[in-house]
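Contents: one structure, followed by commentary.
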2 protein chains.
Amino acid sequence: MRIEILDENTKKHLLEDLLKRSPNSYGEYEARVQEILDTVREKKDEAVFDYTKRFDKAQIDGTNVLVTEEEVQEAYAQMDENLLRIVRRALVNIEAYHQKQMQYSWFDSKPDGTMLGQKVTALRRVGVYVPGGKAVYPSSVLMNVMPAKVAGVEEIIMVTPPGKDGKVNPTTLAAAKEAGVTAVYKVGGAQAVAALAYGTESIPKVDKIVGPGNIYVALAKKAVYGHVSIDSIAGPSEILVLADETANPRYVAADLLSQAEHDELASAILVTTSRELAEQVSRETDRFIQELSRGEIIQKSLDNYGHILVADTMEDAIDAANEIASEHLEIMTADPYQVMTKIRNAGAIFIGEYSSEPLGDYFAGPNHILPTNGTAKFFSPLSVDDFLKKSSIIAYSREALEQVHEDIEQFAEAEQLTAHANSVRVRFEE
Amino acid sequence: MRIEILDENTKKHLLEDLLKRSPNSYGEYEARVQEILDTVREKKDEAVFDYTKRFDKAQIDGTNVLVTEEEVQEAYAQMDENLLRIVRRALVNIEAYHQKQMQYSWFDSKPDGTMLGQKVTALRRVGVYVPGGKAVYPSSVLMNVMPAKVAGVEEIIMVTPPGKDGKVNPTTLAAAKEAGVTAVYKVGGAQAVAALAYGTESIPKVDKIVGPGNIYVALAKKAVYGHVSIDSIAGPSEILVLADETANPRYVAADLLSQAEHDELASAILVTTSRELAEQVSRETDRFIQELSRGEIIQKSLDNYGHILVADTMEDAIDAANEIASEHLEIMTADPYQVMTKIRNAGAIFIGEYSSEPLGDYFAGPNHILPTNGTAKFFSPLSVDDFLKKSSIIAYSREALEQVHEDIEQFAEAEQLTAHANSVRVRFEE
């Protein structure tokens, strides 16, 4: 990895470079996605099954689209027992963390009869998209499903594309069951998103669709937004390590590579106050790349979006971390908690040399679905709150309204909304 | 108003009808909006001032785009003193309610050295769009700004189109100052949204853009979403009154009309178990329409989207209210709190006969920016939370990581992410 000195110019180039990973012109795909959405909306099941035959080469219909209890049992039989045990241990932590995010209805009353409050209600039915293909990520199933389950969503529906044999990956299926999914449908792509957004004879309409997918799935989610809710569209993975001379260069290098291995658009950045650490980390990354099975992807990702920046002061380094607003931020300094207090923007913050990023991906409990591409400046990790919604509660007594009715009437008149004023006035006109 | 008997068919037609108010084909506008966005992104101030000259017929440049302290003082001098007093009284309530929504950072630690938590940070800088034109809604300024202020947003920037004289409406300006806006820029339309999303020489880039606007503003906000955050796009206003035979027909009628007066797409629906009440309300609405200054708009809105439904049972009535998921829901029944417990979907719930909807628009404290068009099934009122974001905190000690490191490594290996496994393994390899 190339070592650069951090200054305003470096920071500016780096930011512009990173943002380029989020291309905004998908014109050709958009039209095709819209056609799929329109067709499913009109022809429902028929269209869904047609597309599944065309895109997934699988023969799915109303009799076998819903995964049966036997198929789930089969999946368990095929799943690695050790992995199942680990999944269960991870779920205990994930559930415990998310339970702390729960929000409750509250109210505030006064003796004059007013009561104001906020009623918290779980979404009734949500859809979780799980990609098919060779790469299977049970951890992603757990992280998408558990916040909905903790929120109290009654029906958690999973959709995932079937293989040519009409089967769903057994590990995905067992993970879904463990996490609390209530029904699994064998459909994928934009047609699955359309089915969840509009409902078909077989697949019920949901209130919100979450989960990662390819470009068709992402565009379909964006297109149905407003009709249903969606999670934010995830970009390529990112890690930023903030370190001083006390950091272990071998740990830093290994952690940078753990994100670089995701894909060639992933970004791994070290910002450090120590020139010596920078050089050591650079050497260690070269060494690891030789050993690791995904060395080729890692090398490309580092060539594209890997950086080691040397900053004059820790303040400058923190400043850069806040501007980059990385998905994952590791702090390996002499006093990492102190540094943490100065961090404004990051999806997840890993503190100290034993808080390696994969600990958060798999096990610690916090969600691994995090804002990417600088959006940690305004977005949050996926959480229980994404599956709750609020209604305001307003109750006034006659006595309480009488105290303020003239103010309200005059405010409404000032906005020339006379029927607003009238609706308060009629209560005191006799 | 026409009285219909509530059944599955009525409900279905009514829902389809209401959803039609949210048209989804803005093709011609979209291209023009995109051009404005691209031009402002490239030419910055120059483009913003050009568009302002073209669309608002106002001569604005770098020297006068920012509202000065003198202009604010002038605005106060011109503002109605009584209205200012009412605004201040309303603000006390709005601030008090929103303070109860505040969320705080938390952590959970164990004696083995683990600490997990959630750090809550306010967005740093947000933009509030306020429409220009003849209709001035200071209440909307208060409701958009106060949640950001309570959240602790450092810079709250307002944009609003200038009149031909290059001035901003004085009431808007005074309301902005009262609510806590830190800077006001005289720009409007898609060009203002672009300036806030990308930044120009005069106007700083923000993290989030909120506030209502015309179709150009709405489409511009949608287009920059992801680059910055936005609030949800508001649809036409709605009220649903749930009433039994104990309700006062005159109050019910007046409240229905208070929303119908907004515009011809607004919707006002009464769902009642009492045929007698239905008939009385129908008569009362006719009477009010004669008297009210906005009678013509009200009549059109009622003809389009006004309904009185008679349900067999209160359960059926509640069911319909949940399916319609109205922006505003008033409950005027013998035991309104009991009914409230059964409400899943509504933006704001008004309880009892003295909780008239305009009380919530202007005075009680809860936000009046609410989910419309059925989106109360998954969206919430604008709140302090819209101006906060969270970062997960993960800290493990060596001791704690050692307990679980093999689980994490095996989970990562199962997902074929070997560099993930490696980054944990290196910490225990000596």
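The values are calculated or read from the model by the stated rules, or taken from the named source; none is laboratory data. These numbers come from a predicted model, not from an experiment. FYI the Cβ positions are ideal-geometry reconstructions off the backbone, even for glycines, and counts take in every protein chain you see. In case anyone asks, the SASA skips ligands and DNA or RNA and just uses the protein heavy atoms, side chains included. Shrake-Rupley method; radii C 1.70, N 1.55, O 1.52, S 1.80 Å.
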When DSSP beta bridges are limited to those with both residues in chain B, what percentage is antiparallel, rounded to the nearest 5? 25 percent
How much length, in nm to one decimal, is gained on full extension between A:Lys205 and A:Asp7, taken as 0.36 nm per residue of separation minus their Cα-Cα distance? 66.2 nm
Whole-number Å³ per residue for the convex hull built on Cα positions in segment B:323-422: 213 Å³
Label point 7 Å beyond Cα along the C-beta direction, distances from B:Pro204 to other copies (nm, shortest first): 4.8
Whole-number D in µm² s⁻¹ for segment B:376-430, Kirkwood Cα-pair radius fed into Stokes-Einstein, 25 °C, 0.890 mPa s: 171 µm²/s
Could you derive backbone 3J(HN,Hα) for segment B:98-107 from the dihedral phi with the Karplus parameters 6.51, -1.76 and 1.60 (θ = phi - 60°), listing whole Hz in sequence and x where the residue is Gly or Pro? 5, 4, 6, 8, 4, 10, 10, 4, 9, 8
With an 8 Å Cα cut-off and a minimum separation of 6 or more residues, compute the relative contact order for chain B in percent. 21 percent
Note the distances from B:Glu81 to each other copy's matching label point, with points 7 Å along the Cα-to-beta-carbon direction, in nm, sorted shortest first. 8.6
Note the distances from A:Leu15 to each other copy's matching label point, with points 7 Å along the Cα-to-beta-carbon direction, in nm, sorted shortest first. 4.6
Geometric extent, Cα atoms of segment A:56-206 - Rg, Dmax (angstrom): 18.4, 67
So how far apart, in nm, are the two label points at A:Lys110 and B:Asp303 if each is 7 Å from Cα heading toward Cβ? 4.3 nm
What figure, in Å² to the nearest 10, do you get for the accessible area of A:Asp316 with a 1.4 Å probe and non-protein molecules left out? 70 Å²
Exceeding the 22 Å Cα-Cα cut-off - candidates A:Lys44/B:Lys20; A:Lys221/B:Lys342; A:Lys222/B:Lys221: A:Lys221/B:Lys342
Do any trypsin sites (Lys or Arg not before Pro) in segment B:117-198 lie in a loop, going by DSSP, with at most 11 other beta-carbon atoms within 10 Å of their beta carbon, and if so which? B:Lys134, B:Lys164
Of all chain B residues, the one whose C-beta is nearest the axis that brings B onto A, in angstrom: B:Asp385, 4
Label-point separation (nm) for A:Gln103 and B:Tyr337, each offset 7 Å from Cα along Cα-to-Cβ? 2.4 nm
Taking the Cα atoms of segment B:1-67, report the difference between the largest and smallest coordinate on each principal axis, in whole Å and largest first. 62, 26, 16
Where both partners of a DSSP beta bridge lie in the protein assembly as shown, what percent of those bridges are antiparallel, to the nearest 5? 25 percent
Computed over segment B:27-230, the relative contact order (Cα-Cα under 8 Å, seq sep at least six) in percent reads 29 percent
Which values of log₁₀ I(q)/I(0), to two decimal places, follow from the Debye formula for segment B:118-237 at q = 0.19 Å⁻¹ with a uniform point scatterer at every Cα? -0.99
Using amide H atoms built in the peptide plane, which far-off residues or other-chain residues are under 5 Å from B:Ser293 H to H? none
Using only the alpha carbon atoms of segment A:271-384, find the Kirkwood hydrodynamic radius as the inverse mean reciprocal pair distance, in angstroms to one decimal. 15.4 Å
Can you figure out the FRET efficiency of B:Lys43 with A:Ala31, using R₀ = 30 Å and their beta-carbon distance, to the nearest 0.05? 0.50
Please report Rg over Rh for segment B:179-317, where both radii come from the alpha carbon positions and Rh follows the Kirkwood definition. 1.17
How many angstrom lie between the Cα centre of segment A:1-64 and the Cα centre of segment A:338-355? 31 Å
How large is log10 I(q)/I(0) at q = 0.10 Å⁻¹ when the Debye formula is applied to the Cα atoms of the protein assembly as shown, each weighted equally and without solvent? -1.15
Considering every residue in B:227-237, what mean count of other chain Cβ atoms within 10 Å of its Cβ is obtained? 2
Cβ charges +1 (Lys, Arg) and -1 (Asp, Glu), total dipole of segment A:250-379, debye: 200 debye
Binned Cα-Cα distances of segment B:52-96, short to long, each 5 Å bin given as a whole percent: 5, 17, 14, 15, 17, 13, 13, 6, 1
Could you give each residue of segment A:5-21 its phi-based ³J(HN,Hα) in whole Hz, using Karplus coefficients 6.51, -1.76, 1.60 with θ = phi - 60°, and x for Gly or Pro? 8, 6, 9, 4, 5, 4, 4, 5, 4, 4, 5, 4, 4, 5, 5, 5, 5
For a quick protection proxy, order the peptides B:231-238, B:155-162, A:59-66 by their average other-Cβ count within 10 Å, most packed first. B:155-162, B:231-238, A:59-66
What shape does segment A:41-141 have by the C-alpha gyration tensor, where a ≥ b ≥ c are the square roots of the eigenvalues, rounded means a/c under 1.5, and otherwise prolate means a/b greater than b/c and oblate the rest? oblate
Report the charge-dipole magnitude of segment A:16-147 in Debye, nearest 20, computed about the Cα centre from +1 at each Lys and Arg Cβ and -1 at each Asp and Glu Cβ. 440 debye
FRET efficiency for B:Lys164 and B:Glu70, using Cβ-Cβ distance with R0 set to 22 Å, rounded to 0.05: 0.65
Inter-site label distance for A:Gln410 and A:Asp80 at 7 Å from Cα along Cβ, in nm: 7.3 nm
Provide the solvent-accessible area of B:His307, counting protein heavy atoms only and rolling a 1.4 Å probe, rounded to the nearest 10 Å². 20 Å²
When the Kirkwood hydrodynamic radius is evaluated over all pairs of different C-alpha atoms of chain A, what value in angstrom, to one decimal, is obtained? 24.3 Å
